[in-house]
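See structure below.
The values are calculated or read from the model by the stated rules, or taken from the named source; none is laboratory data. The structure displayed is predicted, hence computed values, not measured ones. Ideal geometry is used to build each Cβ from the backbone, glycine not excepted, and the neighbour counts take in all protein chains shown. Protein only, heavy atoms only, side chains kept; ligands, DNA and RNA dropped before computing areas. Shrake-Rupley method; radii C 1.70, N 1.55, O 1.52, S 1.80 Å.
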Amino acid sequence: MKSRFPSDASNSSTSWSCSSSCSTGYYRVSIMGANGVGKTALKNCFMSSEYISSSELVIHEFDENTLTVVVDNEESTMEFIDFSSVQKDDLPVDACVVVLSVHDSGSFTIAEGYLHYLRNELDSDRPIILVANKIDLVRKRQVTTEEARKLAMEFDCKYIETSAVLNHKVDELLVGILKQIKLKLNPEAIEKAGMLSQDKGKKHSSRKGPKKLLDKLFRRNCKSLSRLENLFDL
């Protein structure tokens, strides 16, 4: 796995010591997915988020791909990049958002291809969030939550279900993207996450006596799902 470095854009205003409490930064985010999954709709929802900086509202030249958000009383600028417009051999971004539509099984296959490309071909360690959009179309659903979660786990991604039409969990996604970027740029957070993982492993190995298999599997599954869908922690 390649070492984690910020993109050229974020490198100009942030560093390895950056965390969720760092100063203003500029971050690039690539949104990718099949046609018709709601990428543009999600981005439009971002532009009307309650987290947008008040200074953004007085800018005369509106850039539909860039916005400044305020999280934890700090401003950060996020630029959303079309995946098709960048060099594929060196994706200059700080995070990737892969979107699928739950009512289109074909979009699931395309999302899987993007994840394989990012993790296995680019060997990227950037934060990746798998977004299952259009969950308002309940009766037309073709991709189950279990299938999407399994895919996210396989490629070490975060997972969230959204509806751009209902603006459901779109703000959570926007803030989660920013949180994931800053956490990945913070070596202390990465080290802490690694230590917690090792401690849990030691606790499991030190247990003695019989343990119910179903209870063990249930506990592990709950912890995995909690981490998978928590966009505010590594």
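The set of residues in region 109-139 being at pLDDT below 95 and under 22 Å from N44 (Cβ atoms) consists of L137 alone.
Collect the residues in region 127-183 that are among the polar types (S, T, N, Q) and open to solvent by 50 Å² or more (accessible area, probe 1.4 Å), keeping them in residue-number order.
Going residue by residue through region 127-183, those that are among the polar types (S, T, N, Q) are 133, 142, 144-145, 162-163, 167, 180.
Listed by number, the residues that qualify are Q142, T144, N167.
Is at least one residue of region 52-72 modelled with pLDDT of 90 or more, assigned to a loop (DSSP other than H, G, I, E, B) and open to solvent by 40 Å² or more (accessible area, probe 1.4 Å)? Looking for residues that are modelled with pLDDT of 90 or more, assigned to a loop (DSSP other than H, G, I, E, B) and open to solvent by 40 Å² or more (accessible area, probe 1.4 Å), one finds none in region 52-72, hence no.
Listed conditions (1) more than 18 Å from L234 (Cβ to Cβ); (2) surrounded by 16 or more Cβ atoms within 10 Å (Cβ to Cβ) are all met by P92, apart from (2).
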